[in-house]
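Written below as structure tokens is the structure these notes are about.
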């Protein structure tokens, strides 16, 4: 058979075969880990995440809290105290977390014969907490021109006037008449409450 090379004829282009997507697996299960008293007091959730990563490697976690920033100040809003949830992977020893600096226990049940098995939560059980955490971020009931009182952070106790409510509902710009000079500051809505006008 003669070679097509140099004969001037073009070889037909091969069609790109699109790889099939893998079939969806079962929904994930979650290991429930109770925080120690020090872990509960720790407001920097990145420290909790790093502690898990150091002990277990890279794992997916859900911490029912959200960190919000106002200027250079971070505030952690906790939806549910005392627990973190780690996605279950077969072969990972989650019991290594027990009785460490930030973690008290891993919820387990007796499996007979002196063995223990992890108490695993179905993914849908966390949906309510995910929604609660989301609501901590996007609770905006304020309108432009409304008088508000600041309830958290360095400006706690001061009053101001809403100048702008961002479309996504995650930030509200407030005019705060400080003694030194009036300023515009952006706050998460949950840092504010409606002020009583006298």
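The values are calculated or read from the model by the stated rules, or taken from the named source; none is laboratory data. All values derive from a computational prediction rather than experimental measurement. Neighbour counts are summed over all protein chains in view; Cβ atoms, including those assigned to glycine, are modelled from backbone coordinates with ideal geometry.
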How about the stretch 52-96: which of its residues are under 19 Å from residue 41 (Cβ atoms) and in a loop (DSSP other than H, G, I, E, B)?
63, 64, 79, 80, 81, 82
Taking the stated definitions as given, is residue 110 touching a strand residue (DSSP E or B) at 6+ places or on another chain (Cβ under 9 Å), closer than 20 Å to residue 62 by Cβ and in a strand (DSSP E or B)?
no
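Specify which of the listed residues (125, 162, 183, 174) is within 30 Å of residue 93 (Cβ to Cβ), at pLDDT 85 or above and either over 20 Å from the mean Cα position of the chain (by Cα) or not in a strand (DSSP E or B) (or both).
Only one candidate qualifies: 125.
For the stretch 145-155, indicate whether the set of residues that are free of Cβ contacts under 8 Å to residues at least 12 places away in the same chain and in contact with a strand residue (DSSP E or B) (Cβ under 9 Å, 6 or more places away or on another chain) is non-empty.
Scanning the stretch 145-155 turns up no residue that is free of Cβ contacts under 8 Å to residues at least 12 places away in the same chain and in contact with a strand residue (DSSP E or B) (Cβ under 9 Å, 6 or more places away or on another chain).
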Keeping to the stretch 145-159, report how many residues are in a loop (DSSP other than H, G, I, E, B) and at negative phi.
7
Give the residue, chosen from 106, 84, 33, 59, that is assigned by TED's automatic domain parsing to the domain that holds residue 121, touching a helix residue (DSSP H, G or I) at 6+ places or on another chain (Cβ under 9 Å) and at pLDDT below 90.
59
Could you pull out the residue among 197, 148 that is at pLDDT 90 or above and more than 26 Å from the chain's Cα centre (by Cα)?
148
Evaluate the following for residue 99: is it at pLDDT below 90, farther than 20 Å from residue 76 by Cβ, within 19 Å of the chain's Cα centre (by Cα) and assigned to a loop (DSSP other than H, G, I, E, B)?
no
Mind listing whichever residues of the stretch 156-191 are touching a residue at least 40 places away in the same chain (Cβ under 8 Å) and touching a helix residue (DSSP H, G or I) at 6+ places or on another chain (Cβ under 8 Å)?
188, 190
